[in-house]
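A.B. asks: The structure is given below, and queries will be raised subsequently.
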């Protein structure tokens, strides 16, 4: 495993933890890194990737919510566990915005691993199922992404 892959994997886990913390209180990345990981992982993290992922997830959350709702019709999104939603957001951001750099299969596998690590029960099956369907309909979703305007304002993250 090359260093960049190792760094990205570690950064994904930290990104998951940052996003999870952001579900409960407004969290600044710098303060989060300082308080939880001061000098521990900073040399191993891909902070450019983390910054870009945070921005993508924040600004494209409405698009990601619509995708999760479409491909998990048995679940009420507003009641869905954030431990399932966050790996989906990370994978969707990578699939739609990093696919030239990160193979889609890697994004899916990493999301399933995050779900196995942080969530319980059938979460990995839900994540895998949603992302499998996204992969199947990727061309259609790419067209929707380009023209996407909607977001009803709902967010899993605390804004203040």
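The values are calculated or read from the model by the stated rules, or taken from the named source; none is laboratory data. Note that the coordinates shown come from a computational prediction; the quantities given were computed from them, not determined experimentally. Using ideal geometry, Cβ is built from the backbone for each residue, glycine included, and neighbour counts are taken over all protein chains shown.
A.B. asks: Looking for something loosely packed, with under 14 Cβ neighbours inside 10 Å, out of contact with any strand residue (DSSP E or B) (no Cβ under 6 Å at 6 or more places or on another chain) and closer than 19 Å to residue 18 by Cβ - is there at least one such residue anywhere in segment 63-86?
C.D. replies: Within segment 63-86 (the criterion being loosely packed, with under 14 Cβ neighbours inside 10 Å, out of contact with any strand residue (DSSP E or B) (no Cβ under 6 Å at 6 or more places or on another chain) and closer than 19 Å to residue 18 by Cβ), the answer is no, since none of the residues qualifies.
A.B. asks: Could I ask something else about it? Where the second residue is surrounded by fewer than 19 Cβ atoms within 10 Å (Cβ to Cβ) and part of a helix (DSSP H, G or I) and the first is in contact (Cβ under 8 Å) with a residue 60 or more places away in the chain and lies in segment 51-65, which pairs have Cβ atoms under 7 Å and are six or more apart or on separate chains?
C.D. replies: As it stands, the answer is 63/145; 65/77, since those pairs meet every condition given.
A.B. asks: Modelled with pLDDT of 70 or more, in a loop (DSSP other than H, G, I, E, B) and either in contact with a helix residue (DSSP H, G or I) (Cβ under 7 Å, 6 or more places away or on another chain) or under 18 Å from residue 61 (Cβ atoms) (or both): which single residue out of 24, 20, 16, 32 fits that description?
C.D. replies: Exactly one residue qualifies, and that residue is 24.
A.B. asks: Now for a different question. Answer with yes or no whether residue 95 is within 14 Å of residue 17 (Cα to Cα) and either assigned to a helix (DSSP H, G or I) or modelled with pLDDT of 95 or more (or both).
C.D. replies: no
A.B. asks: Sticking with this one: Does segment 111-134 hold any residues that are part of a helix (DSSP H, G or I) and at positive phi, and which are they?
C.D. replies: None; the set is empty.
A.B. asks: Got at least one residue in segment 135-148 being modelled with pLDDT under 95, under 16 Å from the mean Cα position of the chain (by Cα) and outside any helix (DSSP H, G or I)?
C.D. replies: Checked against the condition, which is being modelled with pLDDT under 95, under 16 Å from the mean Cα position of the chain (by Cα) and outside any helix (DSSP H, G or I), segment 135-148 yields no hits at all.
A.B. asks: Can you work out which of the residues in segment 35-51 that are part of a helix (DSSP H, G or I) and over 18 Å from residue 92 (Cβ atoms) is modelled with the highest pLDDT?
C.D. replies: Residue satisfying both the conditions and the ranking: 48.
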